[in-house]
Amino acid sequence: MDLKLTGKVALVTGARTGIGFSICEELAMNGVHLVMVARREPELILAAKKISEKYGVSVLPVAGDVTDPKLPSLVVEQAEKVFQRIDLLVNNAGRAHAGTLLTTSEEDWQIMTETKLSAMRRFCKVIIPGMQRRNWGRIVNISSIGGIYPNPQLTVSHALSAAINNLTRSLALSVAPDGILVNAIGVGAVATDNWAQNMLPNVRNRRPELVDRTDEEVMALLGKEKTPVGRFGLPEDIAAIAAFLLSGRNQFVTGQTIEASGGADRFM
Ligand SMILES: NC(=O)c1ccc[n+]([C@@H]2O[C@H](COP(=O)([O-])OP(=O)(O)OC[C@H]3O[C@@H](n4cnc5c(N)ncnc54)[C@H](OP(=O)(O)O)[C@@H]3O)[C@@H](O)[C@H]2O)c1
């Protein structure tokens, strides 16, 4: 299927690794030029170079922390100098936070909220006016399956995912007349550094028999135990869905949270 994406320009947050990087690759494969945002500058530059060399698209890496309220305007200013516009926005930066309401600190709550929800709102606010002028745009917000099926072991992540799903729908309804489609992906367990670093310690705490097993072994076991399709997701699984939602072939899906979890509603 020709996704009708050639020559478009996408801004992806959290683009250095994992799901964000995979979305960048999938878009680049379809001829999309990229603005890649993440905090660690040297590694981000390497990731951008890898994509531009492999797919022959233009890539602008911009290092910054999405919790900085000034970042979205600075990124858009640089992007518009190079590309004159942004057609596609992917709000992906973030990570999971394992903990119940009682064990989540004030600081964790604030940082998680700034990283996921406030950053998403701010990037949308600075990028949507340009999309409205051109009467075309696509936005994908990366949420989690916990926004639909909350797990008390991941209270803050899942409360924010529910907020993202809600924000996605209300934003979609307000900008649909401007040719802008906005959707979320309710991501299940996807094998990335984020899962290994933020979730596996919690799984091992609760299941001491897994302490001596490698990360790969634990993820393979959980995939079999908890997922109807029998495995964890891969970043590419999410990237394929994002590419369609962001594409010119998507003309009629908006305001939705697409469940992408291999049929599972929880993983720990
Ligand atoms: N993997 C899963 O199972 C899963 C499930 C549900 C939802 N999700 C969501 O999917 C998204 C991507 O996660 P992932 O699993 O792909 O994780 P990942 O591999 O750790 O990637 C996260 C990316 O975000 C960047 N990032 C993190 N905090 C940032 C900040 N404050 N400002 C700018 N960039 C930031 C990181 O780069 P730097 O370190 O260089 O900043 C990194 O490139 C997250 O929002 C996560 O909550 C993942």
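The values are calculated or read from the model by the stated rules, or taken from the named source; none is laboratory data. Quick caveat, the model's predicted, so the values are computed rather than measured. Glycine also receives a Cβ, built like all others from the backbone with ideal geometry; neighbour counts cover every protein chain displayed. Side chains included, ligands, DNA and RNA excluded: accessible areas come from the protein's heavy atoms. Shrake-Rupley method; radii C 1.70, N 1.55, O 1.52, S 1.80 Å.
Taking a virtual spin label 7 Å from the Cα of ARG39 along the C-beta vector, which residues in the range 176-193 bring their backbone nitrogen under 20 Å of it?
Answer for this model: 192-193.
Count charges around VAL156 for me, please; just the other residues with Cβ under 13 Å from its Cβ, Lys/Arg as +1, Asp/Glu as -1.
Details: positive: ARG95, LYS116; negative: GLU106, GLU107, ASP108, GLU114.
Here the count lands on -2.
Accessible area, 1.4 Å probe, largest first: how do GLU53, GLU114 sort?
Numbers: GLU53 125, GLU114 60 Å².
Ranking GLU53, GLU114 by accessible area, largest first, yields GLU53, GLU114.
Taking all protein chains together and a probe of 1.4 Å, list ARG138, ARG206, ARG133 from the most accessible to the least accessible. Spell out each step's value before the answer.
On the way: ARG138 5, ARG206 120, ARG133 175 Å².
These residues rank, largest area first, as ARG133, ARG206, ARG138.
I'd like the carbon and sulfur percentage of the solvent accessible area for the range 5-90, probe radius 1.4 Å, heavy atoms only, ligands and nucleic acids excluded.
Numbers: 1850 of 3720 Å².
Percent of accessible area from carbon and sulfur atoms in the range 5-90: 50.
Roughly how many whole Å is it from the C-alpha centroid of the range 84-134 to that of the range 173-228?
Here the two parts' Cα centres lie 18 Å apart.
Find, to one decimal place in angstroms, the Kirkwood hydrodynamic radius of the range 149-215, where the mean of 1/r is taken over every pair of different Cα atoms and then inverted.
Working: mean 1/r = 0.0689 Å⁻¹.
Value: 14.5 Å, from the Cα pair sum.
Quick one, can you get me the convex hull of the C-alpha atoms of the range 191-232 expressed as volume per residue in Å³? Intermediate results must be reported in sequence, preceding the final value.
Details: hull volume 2.6 nm³, N = 42.
Residue-normalised Cα hull volume stands at 62 Å³.
Which value, in Å² and to the nearest 10, is the accessible area of MET29 when all protein chains are kept and the probe is 1.4 Å?
110 Å²
Going by a ≥ b ≥ c, the root eigenvalues of the Cα gyration tensor, does the range 39-185 fall in the rounded group (a/c under 1.5), the prolate group (a/b larger than b/c) or the oblate group? Present the calculation step by step, with values, prior to reporting the outcome.
Details: a/c = 2.04, a/b = 1.35, b/c = 1.52.
Oblate is the answer for the range 39-185, as a/c is 1.5 or above yet b/c matches or exceeds a/b.
Quote the relative contact order of the range 1-121 in percent (integer), defining contacts as alpha-carbon pairs under 8 Å separated by 6+ residues.
Working: 179 pairs, mean separation 33.3, N = 121.
Relative contact order here is 28 percent.
Leaving out ligands, DNA and RNA, and with a 1.4 Å probe, what % of the accessible surface on the range 191-232 is carbon or sulfur? Present the calculation step by step, with values, prior to reporting the outcome.
Numbers: 1240 of 2570 Å².
Carbon and sulfur together cover 48 percent of it.
How high is the relative contact order of the chain, in percent, counting Cα pairs under 8 Å that sit 6 or more residues apart?
Here the relative contact order equals 21 percent.
Tell me, what is the 1.4 Å probe accessible area of LYS224, in Å² to the nearest 10?
For LYS224, solvent-accessible area is about 150 Å².
Sort ILE19, ILE180 from largest to smallest accessible area, using a 1.4 Å probe on the heavy atoms of the protein chains. Mind dumping the intermediate values first?
On the way: ILE19 25, ILE180 0 Å².
My answer, sorted largest first, is ILE19, ILE180.
Could you provide, to the nearest whole Å², the per residue accessible area of the range 80-153 with probe 1.4 Å?
Numbers: 3450 Å² over 74 residues.
Counting only protein heavy atoms, the per-residue value for the range 80-153 is 47 Å².
Put one equal scatterer on each alpha carbon of the range 197-268, apply the Debye formula with no solvent term, and list log10 I(q)/I(0) at q = 0.28 1/Å to two decimals.
Results for the range 197-268 at q = 0.28 Å⁻¹ read -1.28.
Simple spin-label model, 7 Å along Cα-to-Cβ: THR100 to THR6 in nm?
For the pair THR100/THR6, the computed spacing is 5.6 nm.
When the accessible area of the range 95-186 is split by element with a 1.4 Å probe, what percent falls to carbon and sulfur? Can you show the working numbers first?
Values: 2260 of 3870 Å².
Summing carbon and sulfur atoms, their accessible area is 58 percent of the total for the range 95-186.
Send over a whole-number figure in Å² for the accessible area per residue of the range 1-75, probe 1.4 Å.
Details: 3370 Å² over 75 residues.
With all protein chains present, the range 1-75 gives 45 Å² per residue.
What does the accessible area per residue of the range 188-250 come to in Å², with a 1.4 Å probe and no ligands, DNA or RNA counted? Walk me through the numbers before you get to the answer.
Working: 3170 Å² over 63 residues.
Roughly 50 Å² per residue, with all protein chains present.
Could you tell me which of the pairs LYS116/LYS224; LYS70/LYS125; LYS8/LYS81; LYS8/LYS54 are separated by over 20 angstrom between their Cα atoms in the structure shown? Show your work: numbers first, answer last.
Details: LYS116/LYS224 29 Å; LYS70/LYS125 12 Å; LYS8/LYS81 15 Å; LYS8/LYS54 18 Å.
Going by Cα-Cα distance, LYS116/LYS224 fall outside the 20 Å limit.
Quick one: angle between helix 71-83 and the longest Cα principal axis of the chain, in degrees between 0 and 90, rounded to 10, please.
Around 50 degrees separate the two axes.
Pairwise over distinct Cα atoms, reciprocal of the mean inverse distance: report the Kirkwood radius of the chain in Å, one decimal place. Please list the in-between numbers first.
Working: mean 1/r = 0.0536 Å⁻¹.
Evaluated on the chain, it is 18.7 Å.
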